[in-house]
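First comes the structure, then the notes that go with it.
The values are calculated or read from the model by the stated rules, or taken from the named source; none is laboratory data. These numbers were taken from a predicted model, which means no experiment stands behind them. Ideal geometry is used to build each Cβ from the backbone, glycine not excepted, and the neighbour counts take in all protein chains shown. Keep in mind that these areas ignore ligands, DNA and RNA; they rest on the heavy atoms of the full protein, side chains included. Shrake-Rupley method; radii C 1.70, N 1.55, O 1.52, S 1.80 Å.
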Amino acid sequence: TPQIKIMKTIIIAFRSIFRRGRNGLIRIASLSVGLAVALALVAKVYFEQSYDSFTPDVERVYRVQANYKSTDGDKSYSQTSGAVVVGMKDVMPEVEAATRFTFIGDNSVLRAGENKYTGDIILGDTSLFDILARPILAGDAKETLARPMYAMVSSEMAQRMGGVGQAVGKTFRIEDRPGKTITIGGVFEAIPKNSHMAYDVVISLASISEFTWDGSLNWLGNDRYISYVKLSAGAKEESVADGIERVKEKYLDKARLSQSGVEIDYTLMPLDGLHTSDKDVRQSMWLLGVLAFALLFTAVMNYLLIVISSLVNRSKEMAVHKCYGASGRNIYARMMAETLADLLVSLAICAALIYTFRDAIASLLGANINDLFTLQSCLLLAAVCAIVFLVSSLAPGYLYARIPVAAAFRRFSDSKRRWKLGLLCVQFIAAGFFVTLLAIVGKQYNYMTANDPGYEYENIAYCSLSGLNAEQRGNVLEEMLRLPETQSVTSADYLPLEGFFSGNNVRLPGDERDLFNIADLYSVGSNYFEVMGIRIAEGRTFTEGAGASREVMVSRSFVERMQAFADWTDGVVGKSVYISEHSRGKDETFTICGVYDDVRLGVIGSQDNRPSAMFRTSGVAGNIIVKLHSLTPEAVATVSERLASLLPDKTVNVYSYPSEMVNRYGDSRKFRDSIMTAGLATLLISLMGLLGYTNDEMNRRRKETAIRKINGATSGEILRLYLAAVLRMALPALTIGCAVAWYVSEGWLERFDDKAALPVILFLAAGTAVLAVIITTAALNCYRAANENPALNIKSE
């Protein structure tokens, strides 16, 4: 029967995988490595594309974005004031539901009795799970989130606490919020990893006054809320836009906004596609897609190269099949069976490789294999494998089907050398591309980690003091000063490393306009500038020993920005400014006592470019900053031990500033390592293809080589004969690969404000390195043929 014939064909194909002369080991190994890396990259791209797809009615859920027009330019923010979605729900019939929440702790320590847990905490209102729906495993979400000091926890957090049933009713306190006890009223299913927003604990928004200022019904300022609306089915874009205008008309104080020179508008951003709308995410997906395609293409080309290299050896076999009645269709079926057998074995090895290196994959791609290889993603990967199968089987089938029957009775001379060189050329282009791209990304990464941020941090360690009272903070500072490892100590509410900061508006006395927005670094210790090595450009630091200081220090860019609004040609020191939040009344101004050189706020590629300002703390600010004589592991351990003895009830984490600076470039490091992995895999596959090509050429030209040696050719001349064709093909291929890498890297480098220089020597070095590996591999493999006894090849006839 046809089924039995198919099974026999497949069984024969499996038996012939490692038959002599077919380079089965190289064929399987290269395809396995290529598939393992490429499929992991494809799964990562799909994972990024599937963000928030688990949300019910995701196409009707929108995040509210606030847009501001002012003298400082046009700005858009993903956070709003607390009352915005409340007003939308009240005024717009198109809004079916509305919610908002605000973070109050990232990676916070929770204490339940003697046990400690860590998690991200938000304050959410009663409608949170109506929009960002998750299955409720225990309790009533609405009732729980309506009660002050009650919370819902994720199933993962509940499991850590002993299980869903055991978690409900338990109480916990947040270590950094002493004296606040929260009761668990319910459990929701944990949020999947492919979500734009993740949290482990949702405390009722009704509890906000226990943790921070209650601006949940504020229309202007306090833009700390992440707000969402769910539109009714069939809501029209025009009616939604009209509804937003009605909301603004009813609730916004237009007179006050006009005085301030500010216009506010709101935009609804679809949750479906919110993640991929980010430019950096799109670039990363595009680059990972390019890497996956290049690697998969290389693996397939190498497979075809090896299969086609067997054409001469298998020509008589195929001709004999035709003599016994095999048609072109039968030849195609045989090649498809052999390709299927190779692919299945390769996929088995591929799965084993992915499982073995699952931790490395999770580290490189930022997601574990359970999240990457879901049912949906596996269906996509199956489609990719189907394409690989068709390409890898149909092309050889076409060539083998064209072998004439006469080949069974005479030597078949068609070597398909152009085919093989072309396929090898594609692989060398890919190898040159990956290695050059790796050199570019590596240079940018090294540039970022070594770049001067405008302050000195080489010997700095720091620790958060949140949750401690003024007396405890003072004791910590004094104790740190006593350590022999300590050079000096200061404190600050925020560190430049932290990135984007809370913003406040700047005004001039007597002027109601908001001139521009600053990155507010809040309070610092009196010797902060000396410890951090921040240069003073003008004036002085804060007055020592002053009580409630009305002084402010501003950055150089603050002064430059102010030039558009004030004639301060006689200098800025001594001038008065109004800064929102700090200036409680219209007449409460601050005097500029000094100007410091701009420092980088955040890291390259994710930095806050606004002007900044700092105020003096009257006590000890939220982070203790210790400058050590030498930042050694032993010194950091000593600081940690002393803090732990001082604060036995607090989880103490002492961070090395240089290490944290490097960690902030983790995404770039992961991208570099991904390219390194893909590059090594591609180079390995290309070298396997090169070995297959040179082996085939040596077998095909044995007698030619023997005759040349008999006529006086040296081993070096024979070696050059084999290498010449490889060199002629490799040089242009590597040039193309380097050019493609430069083009692709230009898109990746766009995300960085500061870029490393890319000299021509970088591209030459990358291309030369790959060329050296190629030539060395080919030379070592051909060395045996160049030195073989010619008599052994002549007598074979």
(message) I want to confirm something. Restricting to the range 469-519 and keeping residues that are aliphatic (A, V, I, L, M) and assigned to a loop (DSSP other than H, G, I, E, B), which single residue is most open to solvent (accessible area, probe 1.4 Å)?
(response) 508
(request) May I ask you to list pairs of residues, at least six apart or on different chains, whose Cβ atoms are under 7 Å apart, with the first in the range 329-341 being open to solvent by 50 Å² or more (accessible area, probe 1.4 Å) and the second being assigned to a helix (DSSP H, G or I) and at pLDDT 80 or above? (result) 336/393; 340/389
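Matching residues to (1) over 30 Å from residue 508 (Cα atoms); (2) under 33 Å from the mean Cα position of the chain (by Cα); (3) of a type in the set (Val, Ile, Thr):
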site	(1), (2), (3)
209	yes, no, no
212	no, yes, yes
225	no, yes, no
230	yes, yes, no
246	yes, no, no
259	no, no, no
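Search the range 102-155 for residues being aromatic (Phe, Trp, Tyr) and either touching a strand residue (DSSP E or B) at 6+ places or on another chain (Cβ under 6 Å) or closer than 25 Å to residue 653 by Cα (or both), and hand back the single one that is least open to solvent (accessible area, probe 1.4 Å).
First pass over the range 102-155, keeping only residues aromatic (Phe, Trp, Tyr): 103, 117, 129, 150.
If we keep only those that are either touching a strand residue (DSSP E or B) at 6+ places or on another chain (Cβ under 6 Å) or closer than 25 Å to residue 653 by Cα (or both) too, we end up with 103, 117, 150.
On the way: 103: 55, 117: 21, 150: 54 Å².
Selected residue: 117.
Is it the case that some residue within the range 112-130 is more than 16 Å from residue 210 (Cβ to Cβ), among the acidic types (Asp, Glu), assigned to a strand (DSSP E or B) and over 34 Å from the mean Cα position of the chain (by Cα)? Talk me through it step by step, then tell me what you get.
First, the residues of the range 112-130 that are more than 16 Å from residue 210 (Cβ to Cβ): 112-120, 126-130.
Narrowing further to those that are among the acidic types (Asp, Glu): 114, 120, 130.
Filter once more, keeping what is assigned to a strand (DSSP E or B): 120.
Imposing the further condition that a residue be over 34 Å from the mean Cα position of the chain (by Cα) reduces the set to none.
Scanning the range 112-130 turns up no residue that is more than 16 Å from residue 210 (Cβ to Cβ), among the acidic types (Asp, Glu), assigned to a strand (DSSP E or B) and over 34 Å from the mean Cα position of the chain (by Cα).
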(request) Tell me which residues, restricted to the range 189-210, are touching a Gly at 6+ places or on another chain (Cβ under 9 Å) and among the hydrophobic types (A, V, I, L, M, F, W, C). (result) 201, 202, 203, 205, 208
(request) Taking the residues in the range 756-785 that are farther than 15 Å from residue 429 by Cα and either outside any helix (DSSP H, G or I) or among the aromatic types (Phe, Trp, Tyr) (or both) as candidates, determine which candidate is farthest from the chain's Cα centre (by Cα). (result) 783
(request) Scan the range 63-75 and report the pairs whose first residue is more than 18 Å from residue 507 (Cα to Cα) and whose second residue is acidic (Asp, Glu) and at pLDDT 90 or above, with Cβ atoms within less than 7 Å and a gap of 6+ or a chain change. (result) 67/265
(request) Only residues in the range 199-216 that are touching a residue at least 40 places away in the same chain (Cβ under 8 Å) count as the first member; pair them with residues that are acidic (Asp, Glu) and in a loop (DSSP other than H, G, I, E, B), Cβ under 7 angstrom, at least 6 apart or cross-chain, and list the lot. (result) 205/125; 208/214
(request) Among the residues of the range 43-74, write down those that are in a strand (DSSP E or B), surrounded by 21 or more Cβ atoms within 10 Å (Cβ to Cβ) and among the hydrophobic types (A, V, I, L, M, F, W, C). (result) 61, 64
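Going residue by residue through the range 545-566, is there one that turns out to be assigned to a strand (DSSP E or B) and touching a helix residue (DSSP H, G or I) at 6+ places or on another chain (Cβ under 6 Å)? Don't jump to the end; show me each part of the working.
First, the residues of the range 545-566 that are assigned to a strand (DSSP E or B): 551-555.
Filter once more, keeping what is touching a helix residue (DSSP H, G or I) at 6+ places or on another chain (Cβ under 6 Å): none.
No: the range 545-566 contains no residue that is assigned to a strand (DSSP E or B) and touching a helix residue (DSSP H, G or I) at 6+ places or on another chain (Cβ under 6 Å).
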(message) Being in a loop (DSSP other than H, G, I, E, B) and open to solvent by 10 Å² or more (accessible area, probe 1.4 Å) is the filter here; which residues of the range 162-181 pass it?
(response) 162, 168, 169, 170, 175, 176, 177, 178, 179, 180
(message) I'm trying to understand the selection: among the residues of the range 704-743, which are open to solvent by 40 Å² or more (accessible area, probe 1.4 Å), among the aliphatic types (A, V, I, L, M) and in contact (Cβ under 8 Å) with a residue 60 or more places away in the chain?
(response) 707, 710, 736, 740
(request) Would you tally the residues in the range 527-559 being surrounded by fewer than 22 Cβ atoms within 10 Å (Cβ to Cβ) and more than 11 Å from residue 614 (Cα to Cα)? (result) 20
(message) Can you tell me which residue is surrounded by the most Cβ atoms within 10 Å (Cβ to Cβ) among those in the range 182-221 that are β-branched (Val, Ile, Thr) and more than 15 Å from residue 105 (Cα to Cα)?
(response) 187
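Could you tell me which of the residues 670, 650 is open to solvent by 20 Å² or more (accessible area, probe 1.4 Å) and either modelled with pLDDT of 95 or more or assigned to a helix (DSSP H, G or I) (or both)? Lay out the reasoning, then the answer.
Working: 650 fails: either modelled with pLDDT of 95 or more or assigned to a helix (DSSP H, G or I) (or both).
The match here is 670.
Quick one: in the range 442-466, of everything that is assigned to a loop (DSSP other than H, G, I, E, B) and hydroxyl-bearing (Ser, Thr, Tyr), which residue is surrounded by the most Cβ atoms within 10 Å (Cβ to Cβ)?
The initial filter retains those residues of the range 442-466 that are assigned to a loop (DSSP other than H, G, I, E, B), namely 451-459, 465-466.
If we keep only those that are hydroxyl-bearing (Ser, Thr, Tyr) too, we end up with 455, 457, 466.
Details: 455: 20, 457: 22, 466: 16.
Per the stated criteria, the residue is 457.
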(request) Kindly provide the set of residues from the range 75-101 that are of a type outside the set (Val, Ile, Thr) and open to solvent by less than 10 Å² (accessible area, probe 1.4 Å), ordered by number. (result) 81, 82, 83, 87, 88, 92, 101
